[in-house]
1. What is the angle, in °, between the Cα long axis of helix 6-39 and the longest principal axis of the Cα atoms in the chain? Nearest 10 is fine, range 0 to 90.
2. Could you estimate the translational diffusion coefficient of the chain from the Stokes-Einstein equation, with Rh from the Kirkwood formula over C-alpha pairs, at 20 °C and 1.002 mPa s, in whole µm²/s?
3. Taking +1 at the Cβ of each Lys and Arg and -1 at the Cβ of each Asp and Glu, which of ILE33, ILE74, MET55 sits farthest along the dipole of the chain towards its positive end, judged by Cα position relative to the Cα centre?
4. About the Cα centre of the chain, what is the dipole size in debye to 20, counting +1 per Lys and Arg Cβ and -1 per Asp and Glu Cβ, all else neutral?
5. On C-alpha positions alone, give me the angle between the axis of helix 43-93 and the longest principal axis of the chain, in degrees, nearest 10.
6. Each label point is 7 Å from the Cα along the Cα-to-Cβ direction; what then is the distance between the points at ILE74 and SER93, in nm?
7. Mind checking the full-extension length gain between VAL20 and ARG82? Use 0.36 nm per residue of separation minus the Cα-Cα distance, one decimal, nm.
8. Enter the accessible area per residue of the chain (Å², integer; probe 1.4 Å; all protein chains in place).
Amino acid sequence: MRSRYPALQIIIIVLKILAVLITLIGIVISIGIMAGASIISFDIATSFGVFAGIMGILGSLIIGVLIFASAELIQCFIDIERNTRKTAHILNSK
């Protein structure tokens, strides 16, 4: 079935790709921060680097999930519109 909202379909795809990229890049950078912190010999710098890495992983996961959820929410609105249109058509045809 042809979509009535092709621009929104493109936005949904872009948001999903963006969510995955943000999550993966955030995790990789956070692991890099934690690995870099282990090279430094200061205890405070090491603990801060590990803390920053863990917060970076959590933050990128949360942001990625929220962006992905927003794409799914747009898809849900499109599905609601489609189902409402079908229902109105069925009710008007009787």
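1. 10
2. Here the translational diffusion coefficient equals 133 µm²/s.
3. Result: ILE74, furthest along the dipole toward the positive end.
4. 780
5. Taking Cα atoms only, the helix is inclined about 0 degrees.
6. That separation, rounded to one decimal, is 3.1 nm.
7. Difference between extended and current length: 19.6 nm.
8. Here the per-residue accessible area is 74 Å².
The values are calculated or read from the model by the stated rules, or taken from the named source; none is laboratory data. No experiment lies behind these values; they were computed from the predicted model shown. Counting neighbours? That spans all protein chains shown, and the Cβs are built from the backbone with ideal geometry, glycine included. With ligands, DNA and RNA removed, areas are computed over all heavy atoms of the protein, side chains included. Shrake-Rupley method; radii C 1.70, N 1.55, O 1.52, S 1.80 Å.
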